[in-house]
Structure formats: C-alpha cells, structure tokens
Amino acid sequence: MHLVLTIVQSEDAEPVTRALINANYRVTRMNTAGGFFRKRNVTLLVGCEEPQIDDVLRLIKENCRQRSEANPIDAGMPMYGATVFVLEANRFTRV
C-alpha cells in the first residue's frame, strides 16, 4: 500500500479531486497554505496499491496546470502544477 500525498493550488483542487473520485479512488482533502509565499493550496491524500500509482499520477497531471505567472527567480520556486510525494505505507487500517 502507498500514500500519494499531493499539494495542488486551490484553483486545481476541485478538478483533481473530482477526477480521482470518479476513478473510484478515496481522497482526503485538506486546505493548507504554503510556507514561503503563503499561497492557498490543497493537500490531497490518496491510498492506493502499487499498480494504481501511475493512474493516480496521470489523473493529477491531467487535471492541474503549471502556472505561467512570474515567480522570483532568486527564490528558486517555479510554479509547478502539483507537488507529489509517493510514500510507502507500512500499515493501512480502516476503523
């Protein structure tokens, strides 16, 4: 079992969440804020098996967009559509 932790900008949260739910993935959505720019974003948590990871990543990529607005170059922070972490879950339990 894996945990796909995805940080998307708030404008992309609804289409990404909808696409994942329509594909029968369970999604936990948390409103969060970035630490450096203090921009609103959403953190999505999706539990899935190894063979489903590529499908989850595809749905995320298809439903969020990379931003074109300028970012301070010296800050080293490009405006990606999403930041995704795929973590191994040693244990998964539904209570």
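The values are calculated or read from the model by the stated rules, or taken from the named source; none is laboratory data. What you see is a predicted model, and the numbers here were worked out from it, not measured in a lab. Virtual Cβ from ideal backbone geometry, glycine too; neighbours counted across all protein chains shown. These area figures cover heavy atoms from the full protein model, side chains too; ligands, DNA and RNA do not enter into them. Shrake-Rupley method; radii C 1.70, N 1.55, O 1.52, S 1.80 Å.
Structure notes:
- Residue count for the stretch 5-23, restricted to those that are under 19 Å from residue 86 (Cβ atoms), touching a helix residue (DSSP H, G or I) at 6+ places or on another chain (Cβ under 6 Å) and assigned to a helix (DSSP H, G or I): 3
- Per the conditions (1) free of Cβ contacts under 8 Å to residues at least 40 places away in the same chain; (2) within 13 Å of the chain's Cα centre (by Cα), the sole criterion not satisfied by residue 45 is (1).
- Within the stretch 58-90, the residues that satisfy the criterion of being open to solvent by 70 Å² or more (accessible area, probe 1.4 Å), at pLDDT 90 or above and within 12 Å of residue 6 (Cβ to Cβ) are 61, 85, 87.
- Looking across the stretch 20-40, the residues that are under 28 Å from residue 90 (Cβ atoms) and open to solvent by less than 30 Å² (accessible area, probe 1.4 Å) come down to 20, 25.
- Test: residue in the stretch 47-57 that is open to solvent by less than 40 Å² (accessible area, probe 1.4 Å), touching a Lys or Arg at 6+ places or on another chain (Cβ under 8 Å) and either at pLDDT below 95 or assigned to a strand (DSSP E or B) (or both): yes
- First in the stretch 3-26 and closer than 10 Å to residue 59 by Cβ and at pLDDT 95 or above, second anywhere and assigned to a loop (DSSP other than H, G, I, E, B) and open to solvent by 30 Å² or more (accessible area, probe 1.4 Å), Cβ under 9 Å, 6 or more apart: 20/26
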